[in-house]
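Participant: Sharing a structure here in structure tokens format.
The values are calculated or read from the model by the stated rules, or taken from the named source; none is laboratory data. Fair warning: this is a prediction, and the values are worked out from it, not measured in the lab. Neighbour counts are summed over all protein chains in view; Cβ atoms, including those assigned to glycine, are modelled from backbone coordinates with ideal geometry.
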Amino acid sequence: MIRKTRLFTPGPTPLLPAAQFAMAAADIHHRTPEFRALYQRVLAQLKEFVGTQNDVLLMACSGTGAMEASVSNLTSPGDRVLVLSAGKFGERWVALAKAFGCNADVVTKPYGSTFTLDEVRAALKPDTRAVYMQATETSTGARHDVEGIAKLLRSSGSEALLVVDAITGLGTTHFDVDGWGVDILIGGSQKAVMIPPGLAYLSVSERAWAAMETSRNPRYYFDLRRERKSAKAGESAYTPSVALVAGLGAAFDFIASQAGGDLAAGRVALINNAETISAMTRAAAQALGLKLFAPDSPAAAVTAIVAPEGLDSSAVVKELKGRFASVIANGQGDMKGKLFRVAHLGYFDFMDTIALIGALEQIAPTALKTPNFQFGTALAAAQQVYADRVAEARKAATPEAVHA
């Protein structure tokens, strides 16, 4: 049997062919009118994709670079910040805050869990300068309540800035950045926008720009004010990743094409796709007798599945790759060997999902040790979810539903 490699990891994700072609043809110098035109177009597309009227900046780095920028640009040594941590990437916020001398209050929840609004409210202090959180905790497959926390900050009268790592949240979760009052929202190129790692982007509110005028932490490459000034001239402050910018533009064109050329509507379609195939995967896992790691607040970006008792999840990862060239992610840190993760963000569709679930059925008797297993059980559960979602979408699109 021939094998076709398929990525089902939450970053890097499968590459969009049109973006690959655009990157291969991107032989442009970055200080020319041709690149300025491309760069300005992509920055405008970014605003539509994020869904904001705020400035959106593009930086040649991983998402962690944008995370660091959102600490170094907004805070001074000794500032009190609040970090909401329930996984490896929440812990990264803690480390970044401490690296820049902040006094970090931390609301910590077990991996796979999320925070209640009462817990966040109790941890807020009058002098909290910023709140740092994930939209989706990629290490656990849990989704956090960005909208609820944003509304809590505003209704409580807190002046704290809200900074959200949406690196796997963008393209898998609906955000109203301006309406909710999210001050910084961060994304990354190797996620839902279907191109390789190397670009990070972030929307920045006017409140955040004002806070930068009084922050005293050092920054140079990650100086957002300098990047904003250059962006207004159609350039980046430093040498950009020209090929990735071209690929990003092609990816946005593709997303828009899924909704008749409307990028904002294409974003909604991309999110709805992730919601559907993640629901299919959760149903399939449960049909196999497996437990979900974050059952109460599951993300659409990635599904984390608990390894059967007494088994190492590494065996699942290895067997899927060895037999089917399908690459999924193991658990991270202390969770390695205890769970495996299947991604749904970006260039995944119904057919990809059915293929992976079929492969999981094939390894069920061996790697998963599933008792009394029958082929088709997981596939049937996934198919039903898909059929139900399609029927709901068609019903919502009828003229009667529009006028209801």
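Participant: Of the residues that sit in region 28-61 and are buried (at least 23 other Cβ atoms within 10 Å of the Cβ), of a type in the set (A, V, I, L, M) and touching a Pro at 6+ places or on another chain (Cβ under 9 Å), which one is farthest from Lys98 (Cα to Cα)?
Facilitator: Ranking the qualifying residues of region 28-61, first place goes to Leu58.
Participant: Confirm whether Glu275 is in the same structural domain as Arg80 (by TED's automatic domain parsing) and in contact (Cβ under 8 Å) with a residue 40 or more places away in the chain.
Facilitator: No: the conditions fail for Glu275.
Participant: Further, regarding this structure: Looking only at region 142-192, which residues are of a type in the set (A, V, I, L, M) and in contact with a Gly (Cβ under 9 Å, 6 or more places away or on another chain)?
Facilitator: Ala142, Val146, Ala150, Leu153, Leu162, Ala166, Ile167, Leu170, Val177, Leu185, Ile186, Ala192
Participant: Can you tell which of Ala397, Ala355, Ala378 is under 28 Å from the mean Cα position of the chain (by Cα), of a type in the set (A, V, I, L, M) and closer than 24 Å to Val268 by Cα?
Facilitator: Ala397
Participant: Do you know which residues across region 255-302 are of a type in the set (Ser, Thr, Tyr) and under 20 Å from the mean Cα position of the chain (by Cα)? Before you say what the answer is, go through the steps one by one.
Facilitator: So in region 255-302, the residues of a type in the set (Ser, Thr, Tyr) come out as 257, 276, 278, 281, 297.
Across region 255-302, the qualifying residues are Thr276, Ser278, Thr281, Ser297.
Participant: Would you be able to say whether some residue in region 318-334 is crowded, with 19+ Cβ neighbours inside 10 Å, of a type in the set (A, V, I, L, M) and under 15 Å from Gly141 (Cβ atoms)?
Facilitator: The initial filter retains those residues of region 318-334 that are crowded, with 19+ Cβ neighbours inside 10 Å, namely 320, 324, 326, 328-331.
From the residues that got through so far, the ones that are of a type in the set (A, V, I, L, M) too are 320, 328-329.
When the remaining residues are screened for being under 15 Å from Gly141 (Cβ atoms), the result is 328-329.
Yes; the residues of region 318-334 include at least one that is crowded, with 19+ Cβ neighbours inside 10 Å, of a type in the set (A, V, I, L, M) and under 15 Å from Gly141 (Cβ atoms).
Matching residues to (1) part of a loop (DSSP other than H, G, I, E, B); (2) under 23 Å from Val302 (Cβ atoms); (3) modelled with pLDDT under 95; (4) among the hydrophobic types (A, V, I, L, M, F, W, C):
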| site | (1), (2), (3), (4) |
| --- | --- |
| Lys4 | yes, yes, yes, no |
| Pro12 | yes, yes, no, no |
| Leu57 | no, no, no, yes |
| Gly65 | no, yes, no, no |
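Participant: Tell me yes or no: at least one residue of region 234-248 is under 17 Å from the mean Cα position of the chain (by Cα) and not basic (Lys, Arg). First the steps, then the outcome.
Facilitator: Here is the first cut: in region 234-248, the ones under 17 Å from the mean Cα position of the chain (by Cα) are 248.
From what is left, the residues that are not basic (Lys, Arg) are 248.
Scanning region 234-248, I find at least one residue that is under 17 Å from the mean Cα position of the chain (by Cα) and not basic (Lys, Arg), so the answer is yes.
Participant: For region 216-224, indicate whether the set of residues that are surrounded by 24 or more Cβ atoms within 10 Å (Cβ to Cβ), of a type in the set (A, V, I, L, M) and either on the phi < 0 side of the Ramachandran plot or assigned to a strand (DSSP E or B) (or both) is non-empty.
Facilitator: So far as region 216-224 goes, yes, one or more of its residues are surrounded by 24 or more Cβ atoms within 10 Å (Cβ to Cβ), of a type in the set (A, V, I, L, M) and either on the phi < 0 side of the Ramachandran plot or assigned to a strand (DSSP E or B) (or both).
Participant: Pairs needed: first member in region 235-259, outside any loop (DSSP other than H, G, I, E, B); second member anywhere, among the charged types (D, E, K, R); C-beta distance under 7 Å; at least 6 residues apart or different chains.
Facilitator: Gly249/Arg41; Ile255/Arg267; Ala256/Asp262
Participant: How about region 178-199: which of its residues are touching a residue at least 60 places away in the same chain (Cβ under 8 Å) and surrounded by fewer than 24 Cβ atoms within 10 Å (Cβ to Cβ)?
Facilitator: Within region 178-199, Asp178, Pro196, Pro197, Gly198 qualify.
Participant: Considering each of Ala99, Ala66, Ala95 in turn, give the residue that is under 22 Å from Ser215 (Cβ atoms) and touching a strand residue (DSSP E or B) at 6+ places or on another chain (Cβ under 7 Å).
Facilitator: Ala66
Participant: Mind counting the residues in region 78-93 that are surrounded by fewer than 21 Cβ atoms within 10 Å (Cβ to Cβ) and assigned to a helix (DSSP H, G or I)?
Facilitator: 3
Participant: While we're on this one: Of the numbered conditions (1) among the hydroxyl-bearing types (Ser, Thr, Tyr); (2) under 21 Å from Pro196 (Cβ atoms); (3) free of Cβ contacts under 8 Å to residues at least 60 places away in the same chain, Tyr39 fails exactly one; give the number of that condition.
Facilitator: Only one criterion is unmet by Tyr39, namely (3).
Participant: Quick one: Pro10 ticks every box in (1) under 18 Å from Met351 (Cβ atoms); (2) within 23 Å of the chain's Cα centre (by Cα) except a single one, so which number is it?
Facilitator: Among (1) under 18 Å from Met351 (Cβ atoms); (2) within 23 Å of the chain's Cα centre (by Cα), Pro10 violates only (1).
Participant: Filtering region 259-285 down to residues that are out of contact with any Phe, Trp or Tyr (no Cβ under 9 Å at 6 or more places or on another chain), within 18 Å of Arg389 (Cα to Cα) and not aliphatic (A, V, I, L, M), which residue is surrounded by the most Cβ atoms within 10 Å (Cβ to Cβ)?
Facilitator: Thr281
Participant: While we're looking at this one, here's another question. Looking at Thr75, Thr9, Thr64, which is the one that is over 30 Å from Arg323 (Cβ atoms) and surrounded by fewer than 22 Cβ atoms within 10 Å (Cβ to Cβ)? So that I can check it myself, show each step before the final result.
Facilitator: Values: Thr75 fails: surrounded by fewer than 22 Cβ atoms within 10 Å (Cβ to Cβ); Thr9 fails: over 30 Å from Arg323 (Cβ atoms).
Just a single option satisfies the conditions, and that option is Thr64.
Participant: Continuing with this model, one more query. Across region 311-323, what is the number of residues that are within 16 Å of Leu288 (Cβ to Cβ) and touching a Lys or Arg at 6+ places or on another chain (Cβ under 9 Å)?
Facilitator: Qualifying residue count, region 311-323: 2.
Participant: Of all residues in region 115-142, which are buried (at least 21 other Cβ atoms within 10 Å of the Cβ), under 17 Å from Ala294 (Cβ atoms) and more than 15 Å from the chain's Cα centre (by Cα)?
Facilitator: Within region 115-142, just Phe115 meets the criteria.
Participant: Right, next: Can you say whether Thr173 is crowded, with 24+ Cβ neighbours inside 10 Å, within 30 Å of Ala329 (Cα to Cα), in contact with a helix residue (DSSP H, G or I) (Cβ under 9 Å, 6 or more places away or on another chain) and of a type in the set (S, T, N, Q), as far as the supplied structure shows?
Facilitator: Against the criterion (crowded, with 24+ Cβ neighbours inside 10 Å, within 30 Å of Ala329 (Cα to Cα), in contact with a helix residue (DSSP H, G or I) (Cβ under 9 Å, 6 or more places away or on another chain) and of a type in the set (S, T, N, Q)), Thr173 does not qualify.
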